[in-house]
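S.K.: Take this structure, written in structure tokens, and hold onto it; I'll ask about it next.
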Amino acid sequence: MLETLRKIVQEVNSAPDLESVLDVIVRRVQRAIRTDVCSIYLLDQARERYVLMATQGLNRKSVGQVSLSLDEGIVGMVGQRAEPINLENAAAHSAFTYLKGTGERKFHAFLGVPIIHHRVLLGVLVVQQKLIRKFDEAEEAFMVTISAQLAGVIAHAEATGSINRISEQDKTESDRKFEGVSGCIGVAIGPAVVMTPLADLDGVPDRRVDDVKAEVSKFKSALSQVRRDIKKVGRSLAKRLRSEERELFDVYIRMLDDNALGGEVIARIKEGSWAQGALKQVIGEHVKQFSLMDDPYLRERATDIKDLGRRMLTCLQESGPALSEIEFPENTILVADELTPAMLGEVPTEKLIGLLSVNGSGNSHAAILARSMGIPTVMGVVDLPYTRIEGLNIILDGYSGRVFVNPSEDLSQCYQDILREENEVNAGLEGLKDLPAETTDGYRMPLWVNTGLITDVARSLERGAEGIGLYRTEIPFMIRDFFPSEQDQTDTYRKQLEAFAPRPVTMRTLDIGGDKPLPYFPIVEDNPFLGWRGIRVTLDHPEIFIVQIRAMLRAAEGLDNLRIMLPMVTNVQEVDESKRLIEQAVEELREEGYTINQPLIGVMIEVPAAVYQVRRFARRVDFISVGSNDLTQYLLAVDRNNPRVAGLYVSYHPAVLKALQFIALEAHKENVSVSICGEMASDPGGAILLMAMGYDVLSMNATNLPKVKFALRGISFEQARELLSQIIVMDNVDKIHMKLRQTLQELGLGQLTRPTIPD
Ligand code: PEP
Ligand code: MG
């Protein structure tokens, strides 16, 4: 059965459009379980009806013609119950509705299973048989498995179909909506520009060209280049290879001929596609054909074709204009399969208004950077056929995490209004810069910022930041090709320290691993967030740690505003060891003649183990800072990067709130200052609760600092304490959100809550 399943899934995956996807499913499933009928009914959301979309065994003329309402027939029952229904004689069931024109009267046995993708019902897969008999357990299990496996493919094919209808001339589809999660609040309206990772064929967007001749010649020179490369590799390995292995190189070269792959690509270019897109299509089709073959040797050839495709793509990309030469349109919305911090720097800032990532979630580091830059961002739009949307107009709603492709005039107008309101709110907040974050009853709350890029510094100072609560030192490491030298690091750190002096600057030691790999220091693990990350890496590499500490200390010479912070600490030994290395660096530098003052040292509370040792840590360090982004991920066992579970990553989860309150109380028992530098402090509602819990400093992204200040200036400390006492006993996250929103509105801070957006 497993082999049959594998083949069906592969064949379905290679079908070019929704119609063929459904057709393959009904044909193959009918054959696999030797039944008389297999049909698929898809749910048409707009009409609220199940429509017969494909069948093998019923009258084909009824495809697209017959439909059922949501509560009609056994198909309706399968959908409502969201479980399989297996009947030996469907006609005898009270819910049975005969679908005229289908010819189903002669069939008795009925098995329907729902097709569900990410909790959304897409339709119902049905098999029927003339005999009066129940489908057996193995058949039922097979149907459930196939439906679960194919739901994603069907959802993707549906989405691609609707996008294709937009790309075609008639533009029939509008307001096509895709769901993701918020990465940075705000609204952006503009054309999509898809960023292709290098040598990734699947990520190549569809694009049309006018100058076909130039495109063909570009492709031909890429072909010659690849031919030359292959010949060269073949020659250099000739002595070490057997003759049949050497022949493989000739096979490769023949595949590139005009009457083979090369010719097929050129034919596609002549139809108007750009060379990279034509190459992607041709290679994709061949790879699929080979993957479907029974013979394992021939199946393996798919790898060769993929490799050839990648080589040709690399040549094409290298011969194309460099990213820096590309003319980006005004109001660019950058789209990527996986947005990385490095990509954010590729588009000129004045043109970039929005970011959209198919993978990742609101707590991925790319999203955190986007927030610090204030660019509306949506993450984890997993069903978006992103390679098909190049150049299409998009509304990106960073409040709700939704994306609309080809929006209608009405919807665009609605979002234009929200944009206008947003600008008014921001303009109103500008006057707060020099005012303190002081509650209406005189409680003063220091507001610091999180930084990573040098551009953050100017923005932070403009917005009235009183210190840096988290400088993510790994960011300058991430945008280089090798470890920066001690002098390089000293120069970079000095800029942050100098710009803020005499205000404090908290530098976190290198926090790599998890979702922050360094291109030149790959860490490959099955469970990166539970693996080698943060302090674990740097303690294993004292040569990296000490160089970084020396650079920090040298950079702070004469300024005296450095605080050093240790990430991902789980036990006191890590703190003791780090302190010993810091001490060593201080001593060394003093011996070398530098005037070094002892910096303040702190630890981050980011894992549950640290929560229960706050007092032990507090006795060893000068300050405690909570990394609520990681703490939430580890407390709730939710990968902060995984869009599938993004809905479970809840900052206001009762367990998270309890832990945050506990940490503040425990740190204060040892008279140690406690701050928070996770994203929760950037949310006006979160900031109010954290102030009430007793946090001494809130550190946040510069974008949100004025909003947080506005919120704190609009509430009394007493009111905040009262709000916390009500929220901390609640057990329902939705009610907590509602209570926060309602309180902000009652205090006249309603403009800080999410704007109301049409559904
Ligand atoms: C955190 O985990 O809350 C934190 C501030 O660190 P980062 O987001 O960089 O992991
Ligand atoms: Mg962290």
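Throughout, read-outs are computed from the coordinates displayed, never taken from laboratory work. Just so it is clear, the model here is predicted, and its values are computed rather than measured. Cβ: placed from backbone, ideal geometry, glycine included. Neighbour counts: every protein chain shown.
S.K.: Take the Cα coordinates of the chain, assign each an equal point scatterer, and use the Debye formula without solvent to give log10 I(q)/I(0) at q = 0.05, 0.07 Å⁻¹.
M.R.: -0.32, -0.63
S.K.: Which of Arg60, Arg420 comes first, and how do the rest follow, when ranked by fewest Cβ neighbours within 10 Å?
M.R.: The most exposed by this proxy come first: Arg420, Arg60.
S.K.: So what is the relative contact order for the stretch 477-528, in percent, with contacts set as C-alpha pairs under 8 Å and at least six apart?
M.R.: Contact order relative to length: 43 percent.
S.K.: Could you work out the relative contact order of the chain, using alpha carbon pairs under 8 angstrom and six or more residues apart, expressed as a whole percent?
M.R.: Relative contact order here is 10 percent.
S.K.: Further question: When Lys and Arg each count +1 and Asp and Glu each count -1, what net charge do the other residues less than 10 Å away from Thr35, Cβ to Cβ, add up to?
M.R.: +1
S.K.: Follow-up question, since we're still on this one. Write down the percent of antiparallel bridges among all DSSP beta bridges whose residues are both part of the chain, to the nearest 5.
M.R.: The antiparallel proportion sits near 55 percent.
S.K.: What is the sum of charges, Lys and Arg at +1 and Asp and Glu at -1, for the other residues whose Cβ falls under 11 Å from the Cβ of Asn359?
M.R.: -2
S.K.: While we're on this one: So which trypsin sites (Lys or Arg not before Pro) in the stretch 452-539 pass both tests, a DSSP loop state and at most 13 other Cβ atoms within 10 Å of the Cβ?
M.R.: For trypsin sites (Lys or Arg not before Pro) across the stretch 452-539 that sit outside H, G, I, E and B with at most 13 neighbouring Cβ atoms in 10 Å, the list reads Arg480.
S.K.: While we're on this one: Counting only residues 5 or more places away or on other chains, whose amide H sits under 5 Å from the amide H of Thr451 once H atoms are built in the peptide plane?
M.R.: For Thr451, whose amide H was placed from the backbone, the distant partners under 5 Å are Leu470, Tyr471, Arg472.
S.K.: Also: Sorted by average packing, counted as other Cβ atoms within 10 angstrom per residue and highest first, what order do 725-731, 79-85 take?
M.R.: 79-85, 725-731
S.K.: Please state, as a whole number in µm²/s, the translational diffusion coefficient that the Stokes-Einstein equation yields for the stretch 311-413 at 10 °C and 1.306 mPa s, with Rh defined as the Kirkwood radius across alpha carbon pairs.
M.R.: This corresponds to a translational diffusion coefficient of 109 µm²/s.
S.K.: Next question. Which residues' amide hydrogens lie under 5 Å from the amide hydrogen of Thr97, considering only partners 5 or more residues apart or on another chain, with H built in the peptide plane?
M.R.: Excluding prolines and chain starts, which carry no amide H, the hits are Gly73, Ile74.
S.K.: Next question, about the same structure. Tell me the mean residue ellipticity at 222 nm calculated for the chain from its helices only (DSSP H runs of n ≥ 4, each -39500 (n - 2.57), averaged over every residue, nearest 500).
M.R.: When only DSSP H runs of four or more count, the value is -14000 deg cm²/dmol.
S.K.: Average the reciprocal distances over every distinct pair of alpha-carbons in the stretch 201-324, invert the result, and give the Kirkwood radius in Å.
M.R.: The Cα-based Kirkwood calculation yields 15.2 Å.
S.K.: Separate question: If I histogram all Cα-Cα distances within the stretch 442-752 using bins 20 Å wide from 0, what percent of pairs lands in each bin?
M.R.: 33, 58, 9, 0
S.K.: Between Phe328 and Asp731, 0.36 nm times their residue separation minus their Cα-Cα distance comes to what?
M.R.: Taking 0.36 nm per residue and subtracting the Cα distance, the gain is 140.3 nm.
S.K.: Which far-off residues, 5 or more places away or on another chain, put their amide H under 5 Å from the one on Gly123, with H placed in the peptide plane?
M.R.: Leu43, Ile115
S.K.: Assign unit charges at the C-beta atoms only (+1 for Lys and Arg, -1 for Asp and Glu), then state the dipole size of the chain relative to its Cα centre in Debye, rounded to the nearest 20.
M.R.: Here the size comes out at about 1380 debye.
S.K.: What's log10 of I(q)/I(0) for the stretch 2-167 at q = 0.11, 0.15 Å⁻¹, Debye sum over Cα points only, no solvent?
M.R.: -0.39, -0.75
S.K.: Nearest 10 degrees, 0 to 90: what angle lies between the long axis of helix 212-237 and the longest principal axis of the chain (Cα atoms)?
M.R.: So the helix axis and the longest Cα principal axis differ by about 80 degrees.
S.K.: Restricting everything to alpha-carbon atoms, can you work out Rg to Rh for the stretch 197-238 with a Kirkwood hydrodynamic radius?
M.R.: Ratio of gyration radius to Kirkwood radius: 1.13.
S.K.: Same structure again: Explain nothing, just compute: Karplus ³J(HN,Hα) = 6.51 cos²θ - 1.76 cosθ + 1.60, θ = phi - 60°, for every residue of the stretch 149-158 in order, whole Hz, x for Gly and Pro.
M.R.: Working through the residues one at a time gives 6, 8, 4, x, 5, 5, 4, 5, 5, 4 Hz.
S.K.: Now for a different question. Taking DSSP loops as anything outside H, G, I, E and B, show the longest stretch in the chain free of chymotrypsin sites (Phe, Trp or Tyr not before Pro) there with at most 11 other beta carbons within 10 Å.
M.R.: With a cap of 11 other Cβ atoms within 10 Å, the longest stretch comes to 99-481.
S.K.: Could you work out how far helix 654-669 tilts from the main Cα principal axis of the chain, as a 0 to 90 degree angle to the nearest 10?
M.R.: Between helix and principal axis, roughly 20 degrees.
S.K.: Convert each backbone phi in the stretch 94-110 into a coupling constant with the Karplus relation 6.51 cos²θ - 1.76 cosθ + 1.60 (shift: θ = phi - 60°), then list the ³J(HN,Hα) values in order as whole Hz, x for Gly and Pro.
M.R.: Couplings: 5, 7, 4, 10, 7, 8, 4, x, 8, x, 8, 4, 7, 9, 10, 5, 9 Hz.
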